[in-house]
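Reading through the structure tokens given below for one structure.
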Amino acid sequence: MGKVKKGVTCSIAGCEKEAVKSLSLKRISKSLNNAGLKLKDYKKKRRVYLCDAHYKTVKKDLRSEAKIEKMRYGPFG
Ligand SMILES: [Zn+2]
């Protein structure tokens, strides 16, 4: 997770807000799907830039996914 230069806009299609975080596409692509978010031109990108609101959405999804994995494998896995 990295800091983002000023003037970089969010990578989500239809969003023109300023990005505050950059994440690897690999890590969050599933969360983007779950949240129904699409990227502007994801084929070119390995990193995704997210505005504050979209970052929160993705983070929430990543967290719920971690919970599910914990349930699946139990506390000793
Ligand atoms: Zn956004």
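Only the coordinates and a few stated rules stand behind these numbers; no lab work does. Being a predicted model, the structure only gives us computed values, none of them experimental. Methodologically, a virtual Cβ is constructed for each residue, glycine included, from the backbone with ideal geometry; neighbour enumeration extends over all protein chains shown.
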For this session: Among the lysines, select those whose C-alpha is under 19 Å from the C-alpha of Lys38, and discard any that sit fewer than 8 residues away in the same chain.
Result: Lys17, Lys21, Lys26, Lys30, Lys56, Lys59, Lys60
Exercise. To the nearest 0.05, how large is the calculated FRET efficiency for Leu25 and Met71 if R₀ is 35 Å and r is the Cβ-Cβ distance?
Worked result: 0.85
Seminar exercise, completed: For Arg46 and Asn34, extending 7 Å from Cα along the Cα-Cβ vector and measuring point to point gives, in nm, a value of 2.5 nm
For this session: Would you kindly compute the Cα radius of gyration of the range 19-73 and its largest Cα-Cα separation (Dmax), both in Å?
Result: 11.6, 35
Seminar exercise, completed: When Cys15, Cys51, Cys10 are ranked with the fewest other C-beta atoms within 10 Å first, the list becomes Cys15, Cys51, Cys10
